[in-house]
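Quick notes on the structure that follows.
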Amino acid sequence: MNSAAADTTARTVQQTARPHGFPTPEHFEVVEHAVPEPAPGTALVENLYWSVDPYHREMMDDLPGAFDLHAPLEGRTIGRVIASRTPQFTEGELVFHRRGWRTHSVIAPGEARKLPHFDGVPLTTHLSLLGGTGLTAYVGLTRIARLQPGDDVFVSGAAGGVGTATARFARLLGAGRLIGSAGTAAKVRHLLTEVGYDAAFDYHDGPAAELLAAAAPDGIDLFVDNVGGEQLAAAVGALREFGRIVRIGTISQYNTPDALAPKLHYPDIVEKSLRMEGFLVSNHQDAQQELYDFAVPHLQSGRLTADETVVDGFEHLVSAFLGMLRGENTGKIVIRDHSEVPAGARGKQ
């Protein structure tokens, strides 16, 4: 191991208790420990960029596959190999892995992949449009919904990472009108002026069915659902014949487990021949190269832009996660190590 790594104290975020409702900083602790030594066949990674995602909230609950208490958490991460005891990784290489929520990770070859370099594409993009967020949007539109040119698309949670990626990808794939929902007037403006939505509404402004009917008076062909709840019920009513619903998340209910679910008009599903399908992006990792082939040329040409909220400093990881759950971010939220902050931006938050 190099001497710089040997002198460094490692930090790990751990969960201390199961929340009921909205989590707080007291549900986490940061544990300091010595930088781990890589065993034969592994490599030590100094992490540089971390992703916090809505699915982390589900993993905090006492469910199968959930986070263990008082143990390192996991999450999508980009880091640099600083010590290697396997020919699969070379010191200095950048890798993507899921042993995040910590400053240093020991990885085995099957737990990480080397990041390709694309000229003009920032590293943060590998956690947004080119990462799990973008892959979720891409798979949802192409493999699950099978988007057709001219389809009118409604996206809930449209100002988040998956919501903004869905709109930008849908436009490139030939979608018709794009309609989005968000939680503030400022986010609605951002959707209309920056992301490219044709219509958008603040879901706090009234019943979702009425707001959607005003934004899409002629109906929709496809609903990409990140929220669930009332907006899902509204979309069922607005969908045209042979409409599709792609279920990605239910963030409206993650922190309100006891809330009553709105009533769907189930006859619509039969009478309009609707199809609803959910998926886990982890079952579609084979689409990663397909995503690169689709998105990278558009990123390099400037036709595609990543919507990101970047937070500087590992010490802000938990607050960034909680802020994301409260909807404080626009686009994908990424935490960046202080060493990666451009010189001109240091000292700014």
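Quick note: the coordinates plus some simple rules give every number you see, no bench work behind them. A quick note: this is a predicted structure, and the numbers were derived from the prediction, not measured. We place every Cβ from the backbone using ideal geometry, glycine too, and count neighbours over all the protein chains shown.
Fully extended, how many nm does the chain gain between L173 and V31 (0.36 nm per residue separation, minus their Cα-Cα distance)? Walk me through the intermediate numbers first.
Working: separation 142, 0.36 × 142 = 51.12 nm, distance 4.53 nm.
Additional length available on full extension: 46.6 nm.
With label points built 7 Å along Cα→Cβ from the Cα atoms of E328 and D119, find their separation and express it in nm.
4.0
Share of antiparallel DSSP beta bridges in the chain, in percent to the nearest 5?
Bridges in the chain that DSSP calls antiparallel: roughly 55 percent.
At a Förster radius of 30 Å, what calculated FRET efficiency corresponds to the Cβ-Cβ distance of Q289 and E74, to the nearest 0.05? List each step's numbers first, then the result.
Working: r = 24 Å, r/R0 = 0.79.
So, using R0 = 30 Å, E works out to roughly 0.80.
Obtain the nm distance between the two label points defined at L264 and Q148 by a simple spin-label model: each point lies 7 Å from its Cα along the Cα-to-C-beta direction.
The modelled label-to-label distance comes out at 2.2 nm.
How long is the gain from H338 to E58 if the chain were fully straight, where each residue apart is worth 0.36 nm and the alpha carbon distance is subtracted? Could the numbers behind the result be given before it?
Working: separation 280, 0.36 × 280 = 100.80 nm, distance 2.88 nm.
Stretched out fully, the H338 to E58 stretch lengthens by 97.9 nm.
Just to confirm my numbers, what's the Cα centroid distance between region 268-316 and region 61-98 in Å?
Cα centroid to Cα centroid, the span is 22 Å.
In what order do F28, F294 fall by count of nearby beta-carbon atoms within 10 Å, going from fewest to most?
Values: F28 20, F294 17.
Listing F28, F294 from fewest to most nearby Cβ atoms yields F294, F28.
Using a simple spin-label model with points 7 Å from Cα along the Cα→Cβ vector, what separation in nm is obtained for S301 and T193?
My value for the distance between the label points is 2.7 nm.
Tell me what the chain gives for mean residue ellipticity at 222 nm when only DSSP H runs of n ≥ 4 count, each as -39,500 (n - 2.57), the sum divided by the residue total, rounded to 500 deg cm²/dmol. Before the final figure, lay out the partial values.
Working: 11 runs with 85 residues, N = 349.
Helices in the chain give a 222 nm mean residue ellipticity of -6500 deg cm²/dmol.
Number of Lys-Lys pairs in the chain under 25 Å by Cα, sequence gap 8 or more or different chains?
Details: K114/K332; K187/K332; K187/K348; K263/K272; K332/K348.
Lysine pairs, 8 or more places apart or on different chains, close enough: 5.
For Cα pairs less than 8 Å apart in space and 6+ apart in sequence, what is the mean separation divided by the residue count of region 132-281, i.e. the relative contact order in percent? Numbers along the way, then the final one.
On the way: 303 pairs, mean separation 33.2, N = 150.
Relative CO of region 132-281 lands at 22 percent.
Which of S84, S301 comes first, and how do the rest follow, when ranked by fewest Cβ neighbours within 10 Å?
Neighbour counts put them in this order, fewest first: S301, S84.
Which whole-angstrom value gives the distance between the alpha carbon centres of region 202-221 and region 29-59?
42
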